[in-house]
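*Asks:* Quick one: this structure, given as structure tokens, is what I'll be asking you about.
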Amino acid sequence: MDYLPLFHNLKGRPCLVVGGGATALRKVRPLLEAGADITIVAPEITPGLASLVGEKGMHFLQRPFQPGDLDGAALVIAATNNRSVNETVSSLAMAGNIPVNVVDNPDLCSVIFPSIIDRSPVQIAVSTGGSGPVLARLLRGRLEAMLPNNFGRLARLAERFRDRVKTRIPEENSRRHFWERIFEGPVAELVYSDREQEAEALFLAQLTSAETTALGEVYLVGGGPGDPDLLTFKALRLMQQADIVLYDRLVSKPVLNLVRRDAERIYVGKTAGDHPVTQDNINRKLAEFARQGHRVLRLKGGDPFIFGRGGEEIEHLADQGIPFQVVPGITAASGCASYAGIPLTHRDYAQSVRFIAGHRKNDVLDLPWPELVTPGQTLVFYMGLNGLEAICDGLMEHGMARTMPAALIEKGTSDRQRVFTGTLADLPARVREGQARAPTLIIVGEVVRLRDKLNWFGDAAPQDQGDMDDKFPL
Ligand code: SAH
């Protein structure tokens, strides 16, 4: 982090602006909005600034800057077009530990101005650290669009009723749920459309009838294969509401980062051969947290109902009458196939697709081989990295051509994605040579040929390959 964002209370505090041109005027405006006590020092000022001085009761010293001008200042802005004056102001201010901003010159600044979205009392400040004003503007545009004009009025309404709500709903979880319903429901809509009286009446009605004990719930959510842009809107919404999240190894860091900041995070992943948290234990925890009134997010990689044991977890909840919702996610097969440019079905090559668990149980791969070698289908093996050779051998032994195209996709959809292609005969050697690491997905079938033409995403750069630990939690 290059800068620490802070909000500065400048009401009635002395601020010095050195310079009297258009640049100074640009900085004076936000200082006025913040209620600062402003002194401008400059040999000359523009008529626009001069009239503002009179109108707003600012002080104006018509002369060049002198070091003593800094005495007692809470903030200094250097906005002259003379670099040496700006440098002098900056170095004196820094020596005296007075926050200083030199317009358009980040090297001389100890503080920088963000792009501001003002919905007072709600304020958003955006900074790109001086590196990208266009980027900051674009971002600001998006945020402006997200925040209705009356957003500040909604915040004021909340401010007015905060104590009353606290008395009526003392329990913290229930109170947060109540506020979320207010901010996302019809009360907010009424405020946004300028019907504040009706909003207030509805607010009071909802407060009177509000539940004072929270009813917990479990959200079983598919987090997709890795790229956070592949989350559904619903997944994101529930991720933002959760109080506690239990997540797996296959949930990528960028996805996990989108869970509500202050939600408690519990890792319940398994690594091959090592089960730190048993399935029973997970089932029990989900029920227990929900019964305590929490909104529990059970976040899984891919889709929870595809090799995800999601069914077992909610069966347990259903048995105990605990409410739950299930949100599908993009399964590894869809994600990896799309990002590798391999359509899973194709009119000419494959009329069906099979998802197969490719891990060995007690070293044996027990699969319905004769069905798998039937032509006209695509085979997708999950959990198949260790069994890759056995899978390819098994298919060839049961009659599939040695030249059948096959691909292995490592860390699909992430910026560390690598794709190995070959045939049943040579893919295992290629993968061994490239030292692929989990998670990987295997696709077998004629459709793999299409990758040469349809590959759009590309592989990770060599320096980004290999270690994935900073993308997936384990
Ligand atoms: N519920 C998950 C699958 C869990 S089984 C889903 O729907 O995707 C775990 C297996 O999924 C891994 O062994 C691997 O085969 C596959 N997998 C998950 N994410 C992957 C990714 N980003 N790239 C490649 N394979 C992945």
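The values are calculated or read from the model by the stated rules, or taken from the named source; none is laboratory data. Quick caveat: nothing in here was measured; it's all calculated off a predicted structure. Virtual Cβ from ideal backbone geometry, glycine too; neighbours counted across all protein chains shown. Only protein heavy atoms, including side chains, enter the accessible area calculation; ligands, DNA and RNA are left aside. Shrake-Rupley method; radii C 1.70, N 1.55, O 1.52, S 1.80 Å.
*Asks:* Can you check what the net charge comes to around A210, using other residues whose Cβ is under 13 Å from the Cβ of A210 (Lys, Arg +1; Asp, Glu -1)?
*Replies:* Once all neighbours under 13 Å are counted, the net charge is +3.
*Asks:* Average the reciprocal distances over every distinct pair of alpha-carbons in segment 337-471, invert the result, and give the Kirkwood radius in Å.
*Replies:* Its Kirkwood hydrodynamic radius stands at 15.0 Å.
*Asks:* Going Cα to Cα from K56, which aspartates and glutamates come in below 15 Å? Please leave out same-chain ones fewer than 8 positions away.
*Replies:* Candidates past the 8-residue exclusion: E33, D37.
*Asks:* I need the semi-axes of the equivalent ellipsoid of segment 353-395: take the C-alpha gyration tensor, multiply each eigenvalue by 5, square-root it, list largest first in whole angstrom.
*Replies:* They are 17, 11, 9 Å, listed largest first.
*Asks:* A further question follows. Any idea of the accessible area per residue across the chain, 1.4 Å probe, to the nearest Å²?
*Replies:* Working: 24810 Å² over 474 residues.
Value returned for the chain: 52 Å² of accessible area per residue.
*Asks:* Counting only Cα atoms, I'd like the Rg/Rh figure for segment 14-113, Kirkwood definition for Rh.
*Replies:* Numbers: Rg = 12.0 Å, Rh = 13.1 Å.
Using Cα coordinates only, the ratio equals 0.92.
*Asks:* What is the percent carbon and sulfur in the accessible area of the chain, measuring with a 1.4 Å probe over the protein chains and ignoring ligands? Numbers along the way, then the final one.
*Replies:* Working: 12640 of 24810 Å².
The computed percentage sits at 51.
*Asks:* What are the ³J(HN,Hα) couplings of segment 367-377, residue after residue, when phi is run through the Karplus curve with 6.51, -1.76, 1.60 and θ = phi - 60°? Round to Hz, x for glycine and proline.
*Replies:* 10, x, 3, x, 5, 5, 8, 4, x, x, 9
*Asks:* Going through the cross-link list K361/K411; K234/K300; K253/K285; K253/K300; K253/K361; K285/K411, which pairs have a Cα-Cα distance over 19 Å in this structure?
*Replies:* Beyond 19 Å: K361/K411; K253/K285; K253/K361; K285/K411.
*Asks:* Quick query: amide H of R13 versus all other amide H atoms, modeled in the peptide plane; which residues come in under 5 Å with a sequence gap of 5 or more or a different chain?
*Replies:* Hits under the 5 Å cutoff: D37.
*Asks:* Right, next: On a full-extension model of 0.36 nm per residue, what is the gain between F233 and D319, subtracting their alpha-carbon distance, rounded to one decimal in nm?
*Replies:* 28.1 nm
*Asks:* Label points 7 Å out from Cα along the Cβ direction at W369 and H59: separation in nm?
*Replies:* Result for the modelled spin labels: 9.2 nm.
*Asks:* Compute the Rg/Rh shape ratio of segment 151-209: radius of gyration over Kirkwood radius, all on alpha-carbon atoms.
*Replies:* In segment 151-209, Rg relative to Rh is 0.94.
*Asks:* State the three equivalent ellipsoid semi-axes of segment 217-330, derived from the C-alpha gyration tensor as the square roots of 5 times its eigenvalues, in descending order and whole Å. Don't skip to the end; give the middle numbers.
*Replies:* Values: eigenvalues 71, 54, 35 Å².
Each semi-axis is √(5λ); the values are 19, 16, 13 Å.
*Asks:* Oh, and also: So what's the back-of-envelope 222 nm ellipticity for the chain, counting only DSSP H runs of four-plus at -39500 (n - 2.57) apiece and dividing by all residues, rounded to 500?
*Replies:* The helix contribution divided over the chain gives -10500 deg cm²/dmol.
*Asks:* Would you mind putting 204-212, 183-191, 387-395, 351-359 in packing order, based on average other-beta-carbon counts within 10 Å, highest first?
*Replies:* Top to bottom by mean Cβ count within 10 Å: 387-395, 183-191, 351-359, 204-212.
*Asks:* Applying 1/(1 + (r/R0)^6) with R0 = 51 Å to the Cβ-Cβ distance of R176 and F113, what FRET efficiency is obtained, to the nearest 0.05?
*Replies:* 0.95
*Asks:* Tell me, what does the Kirkwood hydrodynamic radius of the chain come to in angstroms if you use every pair of distinct C-alpha atoms?
*Replies:* Computed over Cα pairs of the chain, the Kirkwood hydrodynamic radius comes out at 27.3 Å.
*Asks:* Go ahead and run the numbers for FRET between F183 and A429, Cβ-Cβ distance against an R0 of 51 Å, rounding to 0.05.
*Replies:* 0.35
*Asks:* Out of all Cα-Cα pairs in segment 303-363, roughly what percent, to the nearest whole number, are more than 20 Å apart?
*Replies:* Here the tail beyond 20 Å accounts for 48 percent of pairs.
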